[in-house]
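Participant: I'd like to ask you about the structure that follows.
The values are calculated or read from the model by the stated rules, or taken from the named source; none is laboratory data. Just so you know, these numbers come straight off a predicted model, no measurement behind them. Positions of Cβ are backbone-derived with ideal geometry, glycine not excepted, and every protein chain shown enters the neighbour counts.
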Amino acid sequence: MIENRTERNKLMKAIQTYSFLLTDVCMYLDAYPDNKNALEYYDKYRKMFEETVSEYEKKYGPVTPLGVNIENGWTWIEDSWPWEYNNN
Amino acid sequence: MWQYERKLQYPVKIKNPNPALAKVILSQLGGPDGELGASLRYLNQRYTMPYKEITGVLTDVGTEELGHVEMISSIIYQLTRNLTMDEIKSSGFDTYFVDHTTGIYPQAASGTPFSASALQVKGDVFADINEDLAAEQKARVSYDNILRLIDDPDVCDAIRFLRQRELVHYQRFGDCLRIAQEKMDSQNFYGYNPQFDKNNR
């Protein structure tokens, strides 16, 4: 179970990292929409973000309310919320 | 439209509760240069922006600021968990506690409730972008002051992240100002090109 939590935290950290890179490059692209390097950077990390989110949701539960697998019931409200001390 | 993601933008994990720190950091939630005012300023300014690049920056920066509201709230929430009455009285947190217990209420460190008078939406690209540049610098100074006041490493880590983002946002608003100047009527005064009187949308 402890192993599990560590693996889960690692995946969540990866989601946070990719998501942050995307937030940063998106606002850069707003101001520099023709920058080829930024467009490729965006594309690369968007794919990694999507793959990591889908792996996390399969293993541990939803990241957004549209990531719920109803076979397990309404898991959106299960587990601790992001602001809890024991969540991070 | 927004959709919640079940994560903080950057991890907040504070080992030691400390209500005196919470009282200071509260200013970055509901104070004059706090994250709540920042998100409302940008998300409200974007409707009348004449240039798509600037509308994009305001939308995306305003959205990130909502994530910062959540991070600051999480810091305050974790700093005020499991408090004893003695800790509440001796830390000076009692003046907040009497009105809000340990709920998260947007106010300045001085106790003044959040006010929309801390932000402006002027409906003019140059007035608004210059306001935004100043706002990012003022928020950066508030974070510098918080870092001068505290030394808890868990809190400092998250505060340093937020401070860094103010610098990046300042950079993007600088881009916005340049874009607006490039697109304006070259026969007009630099930095004055009112959008209200033109039917160009």
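Participant: Pairs please, first residue from the stretch B:78-95 and among the small types (Gly, Ala, Ser), second anywhere and in a loop (DSSP other than H, G, I, E, B), Cβ atoms under 8 Å, 6+ apart in sequence or on different chains.
Facilitator: Partner pairs satisfying both residue conditions: B:91/B:18.
Conditions tested, residue by residue: (1) in contact with a His (Cβ under 9 Å, 6 or more places away or on another chain); (2) basic (Lys, Arg); (3) crowded, with 22+ Cβ neighbours inside 10 Å.
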site	(1), (2), (3)
B:15	no, yes, no
B:20	no, no, no
B:50	no, no, no
B:63	no, no, no
B:78	no, no, yes
B:89	no, yes, no
B:96	no, no, yes
B:102	no, no, no
B:113	no, no, no
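Participant: Find all pairs meeting these conditions: Cβ atoms under 6 angstrom apart; at least six residues apart or on different chains; first residue within the stretch A:72-88 and under 18 Å from residue A:5 (Cβ atoms) and at pLDDT 95 or above; second residue among the aliphatic types (A, V, I, L, M) and surrounded by 12 or more Cβ atoms within 10 Å (Cβ to Cβ).
Facilitator: That search, which allows pairs on different chains as well, returns A:75/A:68; A:82/B:8.
Participant: Here is a follow-up. Residues that are more than 9 Å from every other protein chain (Cβ to nearest Cβ) and touching a Pro at 6+ places or on another chain (Cβ under 9 Å): which helices (runs of 4 or more DSSP H) entirely in the stretch B:1-117 hold 1 or more of them?
Facilitator: On the way: elements: B:19-25, B:27-30, B:35-45, B:52-79, B:85-91, B:94-100.
The helices (runs of 4 or more DSSP H) meeting that bar are B:27-30, B:35-45, B:52-79, B:85-91, B:94-100.
Participant: Can you confirm whether residue A:29 is within 9 Å of another protein chain (Cβ to nearest Cβ) and either part of a helix (DSSP H, G or I) or touching a residue at least 60 places away in the same chain (Cβ under 8 Å) (or both)? If you could, list the steps in order and put the result at the bottom.
Facilitator: Working: within 9 Å of another protein chain (Cβ to nearest Cβ): yes; either part of a helix (DSSP H, G or I) or touching a residue at least 60 places away in the same chain (Cβ under 8 Å) (or both): yes.
Against the criterion (within 9 Å of another protein chain (Cβ to nearest Cβ) and either part of a helix (DSSP H, G or I) or touching a residue at least 60 places away in the same chain (Cβ under 8 Å) (or both)), residue A:29 qualifies.
Participant: Still on this structure, please answer the following. Looking at (1) within 30 Å of residue B:18 (Cα to Cα); (2) more than 9 Å from chain B (Cβ to nearest Cβ); (3) more than 13 Å from the chain's Cα centre (by Cα), can you tell me which one residue A:14 breaks?
Facilitator: (3)
Participant: Going by what's in this entry, would residue B:9 be described as surrounded by 23 or more Cβ atoms within 10 Å (Cβ to Cβ) and under 30 Å from residue B:130 (Cα atoms)?
Facilitator: The answer is no for residue B:9.
Participant: Take the residues of the stretch A:65-80 that are surrounded by 10 or more Cβ atoms within 10 Å (Cβ to Cβ) and in a helix (DSSP H, G or I): which is farthest from the other protein chains (Cβ to nearest Cβ)? Steps first, answer last, please.
Facilitator: Just the residues of the stretch A:65-80 that are surrounded by 10 or more Cβ atoms within 10 Å (Cβ to Cβ), to begin with: A:65, A:67-69, A:72-80.
This time we only want the ones that are in a helix (DSSP H, G or I), so: A:65, A:67, A:72, A:75-77.
Values: A:65: 7, A:67: 9, A:72: 15, A:75: 10, A:76: 8, A:77: 10 Å.
Here the residue is A:72.
Participant: Please list, ordered by first then second residue, the pairs with beta carbon atoms under 8 Å, 6 or more apart or interchain, first in the stretch B:133-149 and without any contact (Cβ under 8 Å) to a residue 24 or more places away in the chain, second of a type outside the set (Asp, Glu) and surrounded by fewer than 21 Cβ atoms within 10 Å (Cβ to Cβ).
Facilitator: What qualifies is B:144/B:163; B:147/B:156; B:147/B:160; B:147/B:163.
Participant: Looking at residue A:83 and the list (1) assigned to a helix (DSSP H, G or I); (2) surrounded by 14 or more Cβ atoms within 10 Å (Cβ to Cβ); (3) within 11 Å of chain B (Cβ to nearest Cβ), which single condition is not satisfied?
Facilitator: The one condition residue A:83 does not meet is (1).
Participant: Also: Determine which member of the set B:57, B:125 is modelled with pLDDT under 95 and either surrounded by fewer than 18 Cβ atoms within 10 Å (Cβ to Cβ) or of a type outside the set (Ser, Thr, Tyr) (or both). Explain how you work it out, then say what you get.
Facilitator: Values: B:57 fails: modelled with pLDDT under 95.
Checking each option against the conditions leaves just B:125.
Participant: Have a look at B:35, B:53, B:5 and point out the one that is touching a Cys at 6+ places or on another chain (Cβ under 8 Å) and not hydrophobic (A, V, I, L, M, F, W, C).
Facilitator: On the way: B:35 fails: touching a Cys at 6+ places or on another chain (Cβ under 8 Å); B:5 fails: touching a Cys at 6+ places or on another chain (Cβ under 8 Å).
Going through B:35, B:53, B:5 in turn, just one is touching a Cys at 6+ places or on another chain (Cβ under 8 Å) and not hydrophobic (A, V, I, L, M, F, W, C): B:53.
Participant: Now, a different point. For residue B:136, indicate whether it is surrounded by 19 or more Cβ atoms within 10 Å (Cβ to Cβ) and within 13 Å of chain A (Cβ to nearest Cβ). Spell out the reasoning first.
Facilitator: Values: surrounded by 19 or more Cβ atoms within 10 Å (Cβ to Cβ): yes; within 13 Å of chain A (Cβ to nearest Cβ): yes.
For residue B:136, the condition - surrounded by 19 or more Cβ atoms within 10 Å (Cβ to Cβ) and within 13 Å of chain A (Cβ to nearest Cβ) - is met.
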